[in-house]
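The values are calculated or read from the model by the stated rules, or taken from the named source; none is laboratory data. None of these values were measured; they are calculated from a predicted model. Positions of Cβ are generated from backbone atoms using ideal geometry, with glycine treated the same way; all protein chains shown enter the neighbour counts. Just the protein is used for accessible areas: all its heavy atoms, side chains included, with ligands, DNA and RNA removed. Shrake-Rupley method; radii C 1.70, N 1.55, O 1.52, S 1.80 Å.
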Amino acid sequence: MSGLDIDRLGRRAEAMLEELAAISEEPDRLTRRYLTPEHKRAAHLVAQWMAEAGMTTAEDALGTIRGHYPMAGETPGANAVPRLLIGSHIDTVINAGKYDGMLGVVCGILAVEHFRDAERRMPFAVDVLAFGDEEGVRFPTVLSSSAALAGTFDPAWLDGKDRDGVTLDAAMRDYGLDPAAIPAAAMSRDEALAYVEIHIEQGPVLEHGDKPLGVVTSIAGQFRTRVTVSGMAGHAGTVPMPLRQDALLAAAEMTLAAEQIAKAHPEAAMVATVGQISVKPGAINVIPDRVEFVLDLRAASDAPRHAALQSFTARAEALAAARGCSVAFETYHDCPTAGCAPWLQDGLGRSIENLGLAAPRLVSGAGHDGQAMAGLTDFAMMFVRCNGGISHNPLEFSTVADMGAAVAALIRFIEDFTPPARS
Ligand code: GLV
Ligand code: MN
Ligand code: MN
């Protein structure tokens, strides 16, 4: 139907994902956090693949690997080259699956390889981007590498520390990067024609509808708020229950309050998660006096999300006070709902339909680099069906056929891509 060998494209994608998944911080599971030696090894592998696919490659100040497939008639080193940006991320969560992020990078490389094999250049360059900080599981930053490219990197992020007390600034230097070069990582708005990302859906909608591919309409907005609860340490055997100021019990009630608040707003697809918590002093026989957790709060629109955070902080203050504790909040990530550009949604939809497939529209509850790239240029996303909607889990899985269809649709999208006229 498409004239493209979808099975071969899918098998190539699968083999590349396998190779990337072997690069892990841990022997028996996939964990590859930002700026670790394993991130560097994965980045080098991706750069090698990009070069083999006919791209020139560069690493920017955040460690993003940028492959560049020149436009027709481009002179090497030319400035202000209009480019279509295609990307995703190569960092992972702890105990990750092998598709989240990596699939988008691999699809971009395979699409460019197709054009190189066909000796075909477009009237615009194609840049494939492999970002490093999408998951935000190491530092208190999220999307910092795409934000730098979009020119919205906040220098205060450099002081954020990982769980070992290493600052982002120090980790960058250790990796071989220069924080002073961050402003130069920003791409000019004149050059960026659009940003397009392919990603596994990470939810069950496509599978439920028996559709391999879909087009994203928007990405849910998100808060990440660090909550610090302070109480009073004491002897686990001697302090009577009514006299305790147990910070963990107060924090436990706060996590349940977050659940109740999110459940009260299904119309906004609101979700609240506490996936990280630290209890101090952390001894079996000591009443906890300091608990820190991060609330991850998301919704499909921004007003209910803001109202929910306000209601959470009020509830948490009351719950802390009732136990003689205090509580403090620090929201370090507030990403608004990001809408995908209709003209790009239409282009992706057509490219999917050209393969003889339906192109359903759906919202993304997961965060993506497109949220940061929206500060630079129009963006859109194509989702690929994944088994059981499972993600952030080693059981993550997409079929060769679905991945091949995604690469084929991307190739068709690039062939038909016509940027809007600019004034
Ligand atoms: C990234 O996957 C996120 O949505 O947290
Ligand atoms: Mn992702
Ligand atoms: Mn993820």
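Taken over region 161-185, the criterion of being surrounded by 18 or more Cβ atoms within 10 Å (Cβ to Cβ) and aliphatic (A, V, I, L, M) is satisfied by 168, 171, 172, 177, 182, 185. Here residue 269 meets the list (1) buried (at least 16 other Cβ atoms within 10 Å of the Cβ); (2) within 30 Å of residue 407 (Cβ to Cβ); (3) assigned by TED's automatic domain parsing to the domain that holds residue 317 almost entirely, failing just condition (1).
Each row is one residue, and each column tells you yes or no for (1) over 19 Å from the mean Cα position of the chain (by Cα); (2) surrounded by fewer than 23 Cβ atoms within 10 Å (Cβ to Cβ); (3) closer than 27 Å to residue 366 by Cβ.
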{"residue": "34", "(1), (2), (3)": "no, no, yes"}
{"residue": "41", "(1), (2), (3)": "yes, yes, yes"}
{"residue": "51", "(1), (2), (3)": "yes, yes, no"}
{"residue": "60", "(1), (2), (3)": "no, yes, yes"}
{"residue": "72", "(1), (2), (3)": "yes, yes, no"}
{"residue": "80", "(1), (2), (3)": "yes, yes, no"}
{"residue": "85", "(1), (2), (3)": "no, no, yes"}
{"residue": "88", "(1), (2), (3)": "no, no, yes"}
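Kindly state which helices (runs of 4 or more DSSP H) lie completely within region 160-276 and contain at least 2 residues that are more than 18 Å from the chain's Cα centre (by Cα) and more than 24 Å from residue 142 (Cβ to Cβ).
205-208, 247-263
If only residues of region 374-397 that are in contact with a helix residue (DSSP H, G or I) (Cβ under 8 Å, 6 or more places away or on another chain) and within 13 Å of ligand 2 (Cβ to nearest atom) are counted, the one that is nearest to residue 196 (Cα to Cα) is 381.
Taken as a whole, the condition of being open to solvent by 10 Å² or more (accessible area, probe 1.4 Å), at pLDDT below 95 and not in a helix (DSSP H, G or I) does not apply to residue 120. Consider region 74-112 and keep the residues that are among the charged types (D, E, K, R) and in contact (Cβ under 8 Å) with a residue 60 or more places away in the chain. The one that is nearest to ligand 3 (Cβ to nearest atom) is 100. Those strands (runs of 3 or more DSSP E) of region 284-403 in which at least 2 residues are surrounded by 15 or more Cβ atoms within 10 Å (Cβ to Cβ) and among the acidic types (Asp, Glu), considering only elements entirely within it, cover 290-299. In region 192-217, which residues are more than 16 Å from ligand 2 (Cβ to nearest atom), closer than 23 Å to residue 335 by Cα and open to solvent by 10 Å² or more (accessible area, probe 1.4 Å)? Once the filter is applied, which keeps residues that are more than 16 Å from ligand 2 (Cβ to nearest atom), closer than 23 Å to residue 335 by Cα and open to solvent by 10 Å² or more (accessible area, probe 1.4 Å), region 192-217 yields 193, 217. All conditions but one from (1) charged (D, E, K, R); (2) assigned to a loop (DSSP other than H, G, I, E, B); (3) more than 16 Å from ligand 2 (Cβ to nearest atom) apply to residue 40; the one that does not is (2).
Mind listing just one residue for me: the one in region 91-109 that is among the small types (Gly, Ala, Ser) and within 16 Å of ligand 1 (Cβ to nearest atom) and, of those, surrounded by the most Cβ atoms within 10 Å (Cβ to Cβ)?
To start, the set of residues in region 91-109 that are among the small types (Gly, Ala, Ser) comprises 96-97, 101, 104, 108.
From what's left, within 16 Å of ligand 1 (Cβ to nearest atom): 96-97, 101, 104.
Working: 96: 25, 97: 26, 101: 29, 104: 32.
Of everything passing the filter in region 91-109, 104 is surrounded by the most Cβ atoms within 10 Å (Cβ to Cβ).
Can you tell me which residue within region 123-142, out of those that are more than 15 Å from ligand 3 (Cβ to nearest atom) and crowded, with 21+ Cβ neighbours inside 10 Å, is nearest to residue 372 (Cα to Cα)?
Among those that are more than 15 Å from ligand 3 (Cβ to nearest atom) and crowded, with 21+ Cβ neighbours inside 10 Å, it is 129.
Can you name the residue in region 123-157 that is in a loop (DSSP other than H, G, I, E, B) and aromatic (Phe, Trp, Tyr) and, of all such residues, is farthest from the chain's Cα centre (by Cα)? In this case the residue turns out to be 124. Scanning region 62-90 for residues that are in contact with a helix residue (DSSP H, G or I) (Cβ under 6 Å, 6 or more places away or on another chain) and within 16 Å of ligand 1 (Cβ to nearest atom) returns 88, 90. Checking each residue in region 194-216 for being away from ligand 1 (no atom under 16 Å from the Cβ) and within 25 Å of residue 149 (Cα to Cα) picks out 194, 195, 196, 215.
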